[in-house]
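For reference, the structure is listed below as structure tokens.
The values are calculated or read from the model by the stated rules, or taken from the named source; none is laboratory data. These numbers were taken from a predicted model, which means no experiment stands behind them. Virtual Cβ from ideal backbone geometry, glycine too; neighbours counted across all protein chains shown. Ligands, DNA and RNA are excluded from the accessible area calculation, which covers all protein heavy atoms including side chains. Shrake-Rupley method; radii C 1.70, N 1.55, O 1.52, S 1.80 Å.
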Amino acid sequence: MTSLAGLRVIDAATLFAGPTAAMMLGDFGADVIKIEHPRRGDPARGHGAAADGVGLWWKTLSRNKRAAAVDLSRAEGQEILRRLADGCDVLVENFRPGTLERWGLGPEVLLERNPRLIVARMTGFGQFGPMAARPGFGTLAEAMSGFAAMTGEPDGPPTLPPLALADGIAGLAMAYAIMVALRAREHTGRGQVVDLAIIEPILALLGPQMTAYKALGVVPRRTGNRSSSNAPRNTYRTRDGRWLAISTSAQPIAERVMTLVGRPDLVEQPWFASGAGRVAHVEELDEAVASWIAARDAAEVVARFEEAQAAVAPVYDVADIAEDPQYAALDTFVEVPDEELGAVTVQNVLFRLSGTPGEVRWPGRGLGRDTDAVLGELAYPAGEIARLREAGVIA
């Protein structure tokens, strides 16, 4: 048995944040029905690398989802969604505020028909406020949250991440919000609306920046790979050209590192006893660590750090990840059969449950692959399904 077996979810969102939340539910057994436009599909199908014209990002993002293609801008497509929502537990959507209402699919309509439904609304800026109607993407959240302003070298420009970071964080937050709403439903018997703005969850990961600003007027500055909270913390190049990362967030680790690199005298300094004190002397600490590492090959550095019980890790690219024994031991990646490509390797579920583990049952499917099955479950006769297909309402 899986944790969420019996839970039925409609994923009517596009790109990354909302679909990530639905993916998380599907990983643990929810029946997730992915709704896409019959001709355009989800734009995520075209993002990233492709094999034989098939998007590979899609294979992970839409794993464990059944694919149905329905034009929600058409009256008959709207009726399909209403009937589908009647028998589902969760609807995940990311249309601009007012769009579902204009189509007669707003929460008040859906909740009147199915009072137990959770309507999970994912937008760039939320359902209200002066920016609510604007198109919003994770990039804007990364800019507005302060993330870009504090990322990059001190003398360089603000730096955006090379991935859908804010979307991913928002997707995880939405999966959590949905589970909270489902738990509340166990007590109240009623569903509710979840309103999540992508610009907000990323703030929670950036530390108490607003708390510090209001209390002290502190504005975070770019520090490159260094930390504003502790030192030494950086990436360092070894004699054989490898890059290693070290962290000294805990005081005992910092002491072990500096003793290992031959500078126990620094550990005795009064300022060394706090992260803030070490940050104030970061140049001296970094020089000691960098010169020691630069004189040795990566294998020796890692071995010596492990002996000293200090924190170190190589800077990997994906080829290194594929060969790493720790990821292999955790089964972090799994190869699954695929109808389009034969087999694909995707990341496994994010955590292991001892009693009700999740599973990647299949990768993302072709556009509309399960439309007939989904409509058949809604008691649409075969002739009506054929007519809707001919009319372009479904695919």
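Which ones in the stretch 158-186 are open to solvent by 30 Å² or more (accessible area, probe 1.4 Å) and β-branched (Val, Ile, Thr)? Answer for the stretch 158-186, where residues must be open to solvent by 30 Å² or more (accessible area, probe 1.4 Å) and β-branched (Val, Ile, Thr): THR159, VAL180.
Scanning the stretch 234-250 for residues that are assigned to a loop (DSSP other than H, G, I, E, B) and either open to solvent by 40 Å² or more (accessible area, probe 1.4 Å) or at positive phi (or both) yields a total of 7. Considering only the stretch 307-319, I want to know if a residue exists there that is out of contact with any Gly (no Cβ under 7 Å at 6 or more places or on another chain), in a helix (DSSP H, G or I), farther than 30 Å from VAL360 by Cα and open to solvent by 50 Å² or more (accessible area, probe 1.4 Å). Scanning the stretch 307-319 turns up at least one residue that is out of contact with any Gly (no Cβ under 7 Å at 6 or more places or on another chain), in a helix (DSSP H, G or I), farther than 30 Å from VAL360 by Cα and open to solvent by 50 Å² or more (accessible area, probe 1.4 Å). Here the condition is being of a type in the set (A, V, I, L, M, F, W, C) and either loosely packed, with under 13 Cβ neighbours inside 10 Å or in contact (Cβ under 8 Å) with a residue 24 or more places away in the chain (or both); of ALA273, ALA294, ALA303, it holds for ALA294 alone.
Set side by side, the residues ALA166, ALA170 differ, and just one is of a type in the set (Gly, Ala, Ser), modelled with pLDDT of 95 or more, closer than 29 Å to ASP27 by Cα and in contact with a strand residue (DSSP E or B) (Cβ under 9 Å, 6 or more places away or on another chain), which is ALA170. Against the test of being among the small types (Gly, Ala, Ser) and either closer than 13 Å to TRP58 by Cα or surrounded by 16 or more Cβ atoms within 10 Å (Cβ to Cβ) (or both), the options GLY358, GLY342 yield a single qualifying residue, GLY358. Within the stretch 1-33, the set of residues being outside any loop (DSSP other than H, G, I, E, B), open to solvent by 20 Å² or more (accessible area, probe 1.4 Å) and without any contact (Cβ under 8 Å) to a residue 40 or more places away in the chain comprises just one member, ASP31. Would it be correct to say that LEU91 is touching a Gly at 6+ places or on another chain (Cβ under 9 Å) and either assigned to a strand (DSSP E or B) or within 13 Å of ARG121 (Cα to Cα) (or both)? For LEU91, the condition - touching a Gly at 6+ places or on another chain (Cβ under 9 Å) and either assigned to a strand (DSSP E or B) or within 13 Å of ARG121 (Cα to Cα) (or both) - is not met. Can you pull out every residue in the stretch 361-372 that is open to solvent by less than 50 Å² (accessible area, probe 1.4 Å) and not in a loop (DSSP other than H, G, I, E, B)? The answer is THR371, and nothing else.
For GLY207, state whether it is at pLDDT below 95, open to solvent by less than 80 Å² (accessible area, probe 1.4 Å) and either on the phi > 0 side of the Ramachandran plot or not in a loop (DSSP other than H, G, I, E, B) (or both). In short, yes. Residues in the stretch 74-103 that are closer than 22 Å to GLU377 by Cα, surrounded by fewer than 16 Cβ atoms within 10 Å (Cβ to Cβ) and among the small types (Gly, Ala, Ser) were compared, and the one that is farthest from the chain's Cα centre (by Cα) is ALA75. Pairs linking a residue in the stretch 259-270 that is in contact (Cβ under 8 Å) with a residue 40 or more places away in the chain to a residue that is of a type in the set (A, V, I, L, M), with Cβ atoms under 7 Å and 6 or more positions apart or on different chains, are THR259/VAL267; LEU260/ALA308; LEU260/ALA310.
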